[in-house]
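The values are calculated or read from the model by the stated rules, or taken from the named source; none is laboratory data. These numbers come from a predicted model, not from an experiment. Positions of Cβ are generated from backbone atoms using ideal geometry, with glycine treated the same way; all protein chains shown enter the neighbour counts. Side chains are part of the model used for accessible areas, which takes the heavy atoms of the whole protein and leaves out ligands, DNA and RNA. Shrake-Rupley method; radii C 1.70, N 1.55, O 1.52, S 1.80 Å.
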Amino acid sequence: MEPFDPTKPNIARVWDYWLGGKDNFAADRELAEKMLAVHPPTAQMARENRRFLGRAVSYVASRGIRQFIDVGAGLPTAVNTHDIARSVDPDVRVAYVDNDPIVISHARSLLAKSPGVIAEPGDMRDPARILADPGLTDLIDLAGPVCVILSGVLHFAQATAARDVAAAFARAVVPGSYLIISVGSGNPSEGANFTSEYTAARVYIHSLEDIQSFFEGLDLVPPGVGPVRLWTGDTPTPDQKAPTATFLAGVARKP
């Protein structure tokens, strides 16, 4: 793992800034503001994605899922996966996974007084290693249903690699489990401007068809894959026009 360097922008800290958090440094804020100059809706997109995650986690928890694995979770924010899920059932167990050692260290300090919630190192590109981690398997029983969350991370991989990541998690979990996915998307011209300026990591713009393929073999919850602001889960979608640049997302159950 890379050593801590506050002068180098970090994905999780840039995201934290867009969400209104305080766990970021000057280099992160500089890049975050630069991206807002290039693409003003970025912070709003991040907040809409966070609100989608809240609705999706609540939906899955209300269907009886009591175990969550949040992959590429980033820094803890005001409302986290475990806060949302535990509003349904206080006994929900949550494993946060991230490949950034600073994120893991910070998360562990914040979660020290939260039994049943852990933060473990892991890279989404190696699902098997994540699911074999002793810390994770001590908490999460993979013989029972689980929800895997890939929120705002698969656009850091090419479409084929992203599809492989989603498929590996889908194969590993038992029937009755869920997958929550959200991916940044937009038209090619907007995407080219964003990806050329975003230096914290390489970003790939995936099509709607690509993102739908990440759920192959799973049963999508209505309304299927679409803009995060319109995802309501088994209820009619509001008649709203989505922006050209947004997060596309879906929730699916393994049959």
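Numbers at a glance
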quantity	calculated
Carbon/sulfur fraction of accessible area - the range 19-100, other protein chains in place, 1.4 Å, %	52
Cα gyration tensor shape for the range 1-64, rounded if a/c is under 1.5, else prolate or oblate	oblate
Over the chain, relative contact order from alpha-carbon pairs under 8 Å, at least 6 apart, %	19
Computed FRET value (nearest 0.05) for LEU110 with GLU30, which takes r as the C-beta separation and R₀ as 25 Å	0.50
Derived scalar couplings ³J(HN,Hα) [the range 105-111; Karplus, 6.51 cos²θ - 1.76 cosθ + 1.60; whole Hz; x for Gly, Pro]	4, 5, 4, 4, 5, 6, 9
Peptides 213-220, 55-62 ordered by average Cβ neighbours within 10 Å, highest first	55-62, 213-220
Contact order normalised by residue count of the range 92-175, Cα under 8 Å, 6+ apart, percent	28
Square roots of 5 times each gyration tensor eigenvalue, C-alpha, the chain, largest first, Å	26, 23, 17
Probe 1.4 Å, protein heavy atoms only - accessible area per residue of the chain in square angstrom	45
Solvent-accessible area of TYR17 with every protein chain in place, 1.4 Å probe, in Å² to the nearest 10	60
The range 1-134: C-alpha gyration tensor shape, a/c 1.5 cut-off, then a/b vs b/c	oblate
Solvent exposure, largest accessible area first (probe 1.4 Å, DNA, RNA and ligands not counted), of MET45, MET35	MET45, MET35
Computed lengthening from GLN158 to ARG202, 0.36 nm per intervening residue step minus Cα-Cα distance	14.9 nm
Cβ-based charge dipole, the range 53-187, positive-most Cα from ALA61, THR137, TYR96	ALA61
Potential lengthening between ALA37 and ALA143 on full extension [0.36 nm per residue; Cα-Cα distance subtracted]	33.4 nm
Over the range 20-105, relative contact order from alpha-carbon pairs under 8 Å, at least 6 apart, %	28
³J(HN,Hα) computed for each position of the range 128-137 - Karplus, 6.51 cos²θ - 1.76 cosθ + 1.60, integer Hz, glycine/proline x	4, 5, 4, 6, 9, 4, x, x, 5, 6
Extension gain (nm, one decimal) between SER62 and LYS22, 0.36 nm per residue minus Cα-Cα	11.3 nm
Vicinal HN-Hα couplings computed from phi for the range 177-184 (Karplus, 6.51 cos²θ - 1.76 cosθ + 1.60; Hz; Gly/Pro x)	7, 10, 10, 10, 10, 9, 9, x
GLU209 accessible area, 1.4 Å probe, all protein chains in place, Å² to nearest 10	120
